[in-house]
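So the structure is just underneath, and the comments pick up after that.
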Amino acid sequence: MRRISYVIWVLLFTAQTQTFAQTIAPDSGKTLLKSEAYIKRFGDLSNTLYLIKTEKTASVVFFGGSITHNPGWRDKVGAYLQQSFPDTKFNLLNAGIPSLGSLPHAFRIKQDVLSKGKVDLMFLETAVNDRGNGTNEQTQRRALEGIIRHVLKTNPYANIVMMAFVDPDKMKDYSAGKIPPEVQIHEDMAKMYHLPLINLAKEVTDRVNAGEFTWEKDFKNLHPSPFGQEIYFRTMKQLLSVELAKPAPVKLMPSYLPAQADALAYADGNYLAVGKATKLNGFTLDTNWKPADSVHTRPGFVNVPALVGEKPGASFELSFTGQTIGVAVVSGPDAGMVKYTIDGKSYPELELYTQWSKSLHLPWYLLLGDGLQPGKHLLRLEISADKNEKSKGTACRIVYFLVNE
């Protein structure tokens, strides 16, 4: 069934992109920019090559946000691998969840990826949502390094491809002569851990500025049109075609694992069940939460256990171990604010309502404490009487606690 679905997608995308070369430079006589120019081969895919050509089996994970989750380049990469190596069994995992960036990925990776089997090859991208979600640089670095180390700790022979997708903000940065900070962080991590990097943000910007096509009529959105998906896939294919055409190595070799750059990187990021909370006062544990309104939800964040409080003054306590504590909340139209202490120390009130909460029960990940002393700690959280003026209430709905032991 999976193979049939890939064939269908190939046919659909072929129909929409068969005049691809003519579309990006119609009758112009221009020499098109080369995809290879946007690939930085800080590392290779030799272990993946060995598994494909020798073991005849490989597990490929696509880890990112909505651009990874949605049909498009991901399907085309899967189809390309299966068609190029028909005797190899590929296990393909779509681990993309819309709206999520590096911070959520660092803490959900154990449940959503590593618990489902071995990772041989991972395609990893967080640059678009990290900009949209306003994730600060330190958190991005700790999260991305944590993801990479978590994968390599679980499978020392894994290969990882770093990717940076495009959005209008990144295009503005490049056109102004600046490197988008999220792209720089991706490149720094790729260089540090000897990983291939595909910079699609710069590629799309350069092609638009060179007049090969337009953003408005052709690429259309940060969620690419079929035309844009073809551009993404073409560069990924360039990386894969070169790497997988090499002779297979004689054996697997451990991937490069340097000393951890940031001692507080989320290399052991994980969820802690909401049922671990104690001294519930105004909070209840809903074992199968779903919204009472008709506002949209995200898969994986509905019909799941949630710690729910709706009134100011509602509180609970949580004992945890490690140097980091956070929450994954469902932030909907009535999301409020919380105040909390860790080991008796008060922290600033935290707003749960977001710019998207009016029309979506958004999965929203927040750090409450980072860089704590190793060992056991006590969190006490209380719903504040304050709230965003646009919110309809003061609700706090927690689906996961975030820990880094």
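The values are calculated or read from the model by the stated rules, or taken from the named source; none is laboratory data. Small disclaimer: the values here were computed from a predicted structure and weren't measured. Neighbour counts run over all protein chains shown; Cβ positions are idealised from the backbone, glycine included.
Worth pointing out:
- Unique residue being in contact with a His (Cβ under 8 Å, 6 or more places away or on another chain), of a type in the set (A, V, I, L, M) and under 23 Å from ALA261 (Cα atoms) when the list is LEU152, LEU114, LEU103: LEU114
- Residues of region 243-259 that are part of a loop (DSSP other than H, G, I, E, B) and surrounded by 14 or more Cβ atoms within 10 Å (Cβ to Cβ): LEU244, ALA248, PRO249, LEU252, SER255.
- Of the residues making up region 276-295, those that are in contact (Cβ under 8 Å) with a residue 12 or more places away in the chain and among the hydrophobic types (A, V, I, L, M, F, W, C) are ALA277, LEU280, PHE283, LEU285, TRP289, VAL295.
- As for region 114-132, it holds no residue that is buried (at least 17 other Cβ atoms within 10 Å of the Cβ), out of contact with any Leu (no Cβ under 9 Å at 6 or more places or on another chain), basic (Lys, Arg) and more than 28 Å from LEU264 (Cβ to Cβ).
- Test for LEU49: is it in contact with a helix residue (DSSP H, G or I) (Cβ under 9 Å, 6 or more places away or on another chain), of a type in the set (A, V, I, L, M) and modelled with pLDDT under 95: no
- Residues that are outside any strand (DSSP E or B) and either of a type in the set (S, T, N, Q) or more than 14 Å from ASP343 (Cα to Cα) (or both) within region 310-330 comprise GLU310, LYS311, PRO312, GLY313, ALA314, GLN323, listed in sequence order.
- Qualifying residue in region 337-349 (condition: surrounded by fewer than 16 Cβ atoms within 10 Å (Cβ to Cβ), farther than 30 Å from ALA263 by Cβ, assigned by TED's automatic domain parsing to the domain that holds HIS296 and modelled with pLDDT of 95 or more): no
- Scanning region 80-109 for residues that are under 16 Å from TYR400 (Cβ atoms), among the β-branched types (Val, Ile, Thr) and free of Cβ contacts under 8 Å to residues at least 60 places away in the same chain yields no hits at all.
- Hits in region 283-326 (condition: surrounded by fewer than 21 Cβ atoms within 10 Å (Cβ to Cβ) and either touching a helix residue (DSSP H, G or I) at 6+ places or on another chain (Cβ under 7 Å) or of a type in the set (D, E, K, R) (or both)): LEU285, ASP286, LYS290, ASP293, ARG298, PRO305, GLU310, LYS311, GLU317
One line per residue, one yes/no per condition, for (1) crowded, with 22+ Cβ neighbours inside 10 Å; (2) out of contact with any Asp or Glu (no Cβ under 7 Å at 6 or more places or on another chain); (3) under 30 Å from LYS220 (Cα atoms):
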| position | (1), (2), (3) |
| --- | --- |
| GLU55 | no, yes, no |
| SER59 | no, no, no |
| HIS69 | no, yes, yes |
| GLY96 | no, yes, yes |
| GLY101 | yes, no, yes |
| ARG108 | yes, yes, no |
| GLU145 | yes, no, no |
| LYS153 | no, yes, no |
| MET162 | yes, yes, yes |
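- Scanning region 262-306 for residues that are in a loop (DSSP other than H, G, I, E, B) and of a type in the set (S, T, N, Q), we see that the one that is farthest from VAL327 (Cα to Cα) is SER294.
- Subset of region 190-242 [in contact with a His (Cβ under 9 Å, 6 or more places away or on another chain) and surrounded by fewer than 19 Cβ atoms within 10 Å (Cβ to Cβ)]: none
- Subset of region 83-138 that is among the hydrophobic types (A, V, I, L, M, F, W, C) and over 14 Å from the mean Cα position of the chain (by Cα) - its residue that is nearest to LEU366 (Cα to Cα): LEU114
- Applying a threshold of 6 Å to beta carbon distances and a minimum spacing of six or more residues, or different chains, the list of pairs starting in region 130-157 at a residue that is more than 23 Å from ILE67 (Cα to Cα) and in the same structural domain as TYR50 (by TED's automatic domain parsing) and ending at one that is surrounded by fewer than 20 Cβ atoms within 10 Å (Cβ to Cβ) and at pLDDT 95 or above reads LEU152/LEU257; THR154/LEU114; ASN155/LYS118; PRO156/PRO254; TYR157/LEU252.
- Qualifying residue in region 361-380 (condition: crowded, with 23+ Cβ neighbours inside 10 Å and in a loop (DSSP other than H, G, I, E, B)): no
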